[in-house]
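The values are calculated or read from the model by the stated rules, or taken from the named source; none is laboratory data. These numbers come from a predicted model, not from an experiment. So basically every Cβ, Gly included, is an ideal-geometry build from the backbone, and we count neighbours across all protein chains shown. Keep in mind that these areas ignore ligands, DNA and RNA; they rest on the heavy atoms of the full protein, side chains included. Shrake-Rupley method; radii C 1.70, N 1.55, O 1.52, S 1.80 Å.
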Amino acid sequence: MMLKRALLTLPVLAALVASCAAPTSVPTIGSAQIVSDFESYTIRRVGFLPFQPLHASQLAPQDVGSIETSFHAEFASSTPYDIVPLSESDLSEIADLEPFRKGTYAPAAILAIRDRYRLDALLVGSVTARQVTPPLVLGAQLDLISCETGQTLWSADILLDASIEATRDALGIWASEELGEEHAARMAMISPRKFAHFAAYQMARLL
């Protein structure tokens with residue numbers, strides 16, 4: 001009887017161990033829309049265009065660059081695509097896409113970028129809000145544009161505000177699990193670089 005009781009206890013102990021070892025899932029912040037026929041598109045190489053600030057006077061070029069670095073690294077490691085970073089000099093001879101001023105993407109520009117770099121799609125991003133002193137704030141918008149049709153296949157936006165409890169809670173879980181550093185959660189609350197990394201992580205999960 002004792003042996004039978006012990007054997008019955010083993011699955012319970014295993015379940016408890018597994019539940020303790022399982023990481024806490026990071027709450028999702030941000031939203032995304034995707035076209036219904038997304039799976040019909042063949043996407044392998046994706047051009048990652050330079051981020052554009054909506055309020056250029058409020059954002060230093062080096063700050064935009066650090067955000068781009070975080071997003072490129074996260075999307076390259078977390079998505080199944082070959083992410084090709086494109087600099088301003090790479091696009092110097094191509095007409096600006098200007099999606100946020102004109103409300104559309106120039107087909108000629110998309111085709112020119114596609115043919116030059118053999119791309120299937122483009123990731124076009126913009127910084128929509130930024131505060132680099134605590135409480136940190138970072139807003140971003142990203143569109144995935146088909147180089148074949150010019151259609152927006154996926155669009156996402158996020159606004160992280162460290163003064164909001166939901167942001168702080170999600171950031172704390174992510175910092176502890178993903179960074180694995182001592183005092184990582186506290187540092188992520190005051191480090192613009194880690195904050196941008198967290199924003200990139202959140203948006204890559206939506207694609």
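Is there any pair with a first residue in the stretch 146-172 that is on the phi > 0 side of the Ramachandran plot and a second that is buried (at least 17 other Cβ atoms within 10 Å of the Cβ) and not in a strand (DSSP E or B) whose Cβ atoms are under 7 Å apart and which are 6 or more apart or on different chains, and what are they?
Gly150/Tyr105; Gly150/Ile110
Let me spell it out: the conditions are (1) open to solvent by less than 60 Å² (accessible area, probe 1.4 Å); (2) at pLDDT below 95; (3) over 24 Å from Ile158 (Cα atoms), and Leu59 meets all of them except one. Which number is the exception?
In the conditions (1) open to solvent by less than 60 Å² (accessible area, probe 1.4 Å); (2) at pLDDT below 95; (3) over 24 Å from Ile158 (Cα atoms), Leu59 misses (3) alone.
What number of residues within the stretch 84-118 satisfy the criterion of being of a type in the set (A, V, I, L, M, F, W, C), modelled with pLDDT under 90, touching a Leu at 6+ places or on another chain (Cβ under 9 Å) and not in a helix (DSSP H, G or I)?
2
Sort out which residues of the stretch 119-140 are under 14 Å from Tyr81 (Cβ atoms) and in a loop (DSSP other than H, G, I, E, B), and write them in order of number.
Those that are under 14 Å from Tyr81 (Cβ atoms) and in a loop (DSSP other than H, G, I, E, B): Leu119, Asp120.
What tally of residues in the stretch 161-191 results from selecting those that are in a helix (DSSP H, G or I), open to solvent by less than 40 Å² (accessible area, probe 1.4 Å) and touching a helix residue (DSSP H, G or I) at 6+ places or on another chain (Cβ under 7 Å)?
So the answer is 7.
With respect to Ile158, is the statement that it is crowded, with 18+ Cβ neighbours inside 10 Å and either out of contact with any Gly (no Cβ under 7 Å at 6 or more places or on another chain) or part of a helix (DSSP H, G or I) (or both) true?
It is false that Ile158 is crowded, with 18+ Cβ neighbours inside 10 Å and either out of contact with any Gly (no Cβ under 7 Å at 6 or more places or on another chain) or part of a helix (DSSP H, G or I) (or both).
Identify the residue in the stretch 62-80 that is farther than 13 Å from Tyr201 by Cβ and open to solvent by 60 Å² or more (accessible area, probe 1.4 Å) and, among all such residues, is modelled with the lowest pLDDT.
Step by step, filter the stretch 62-80, then rank; the result is Gln62.
Answer with yes or no whether Asp143 is under 21 Å from the mean Cα position of the chain (by Cα) and modelled with pLDDT of 85 or more.
yes
With the structure loaded, tell me whether Ala121 is touching an Asp or Glu at 6+ places or on another chain (Cβ under 9 Å), without any contact (Cβ under 8 Å) to a residue 60 or more places away in the chain and open to solvent by less than 50 Å² (accessible area, probe 1.4 Å) or whether it fails that test.
So Ala121 does not fit the description; no.
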